[in-house]
Amino acid sequence: MKKSLFFVIIFIIITSTILSKYITPDTKSDNEKTYNNNIAQEKVNSEDDFLNDFEIFKHEVVENIISNKKTIADLESEKGHLNIGSENEWETKLWELKKRNNYLQKQLEEFKAIGYDEWITFKQRVTLEITDLNSVIKEFTNDNK
């Protein structure tokens with residue numbers, strides 16, 4: 001029993017000595033450096049993706065704002081030909097549409113790309129506002145034809 005315990009202890013000591021040659025603090029530090037470099041690269045890639053996504057979204061929103069301005073201008077020019085209730089109501093609705101469209105443009109111009117979370121929140125909010133504004137414009141156009 002003592003001999004087998006002695007051999008087990010000797011075996012563990014020899015095995016740990018051999019394995020310690022393969023896993024040194026330098027190797028661990030190289031592994032940590034590689035891991036940290038990978039994380040840093042992923043962060044740069046995600047920031048680049050975030051900035052690219054922002055630029056694409058900004059371009060799409062600007063196109064939508066321009067389209068809305070054109071539609072609103074067309075509605076103003078067709079005022080005499082369309083089915084309208086009262087002129088005051090018509091002017092009020094057009095003013096509200098212009099105001100909402102200009103507000104979207106202002107939000108887009110003032111947004112600073114601070115971080116990914118802020119970007120996602122901003123994108124969701126603006127997308128919802130654009131969808132709502134487009135449906136109001138479409139409804140207003142269809143109601144007055």
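The values are calculated or read from the model by the stated rules, or taken from the named source; none is laboratory data. Given the structure is predicted, the values throughout are model-derived calculations rather than measurements. Because the Cβ atoms are built from the backbone with ideal geometry, glycine has one as well, and the counts that use them run over all protein chains shown.
Overview of values
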quantity	calculated
Subset tally (residues that are exposed (fewer than 12 other Cβ atoms within 10 Å of the Cβ) and not in a helix (DSSP H, G or I)) for region 126-145	1
Boolean, residue 104 is surrounded by 10 or more Cβ atoms within 10 Å (Cβ to Cβ) and either at pLDDT below 90 or of a type in the set (Asp, Glu) (or both)	no
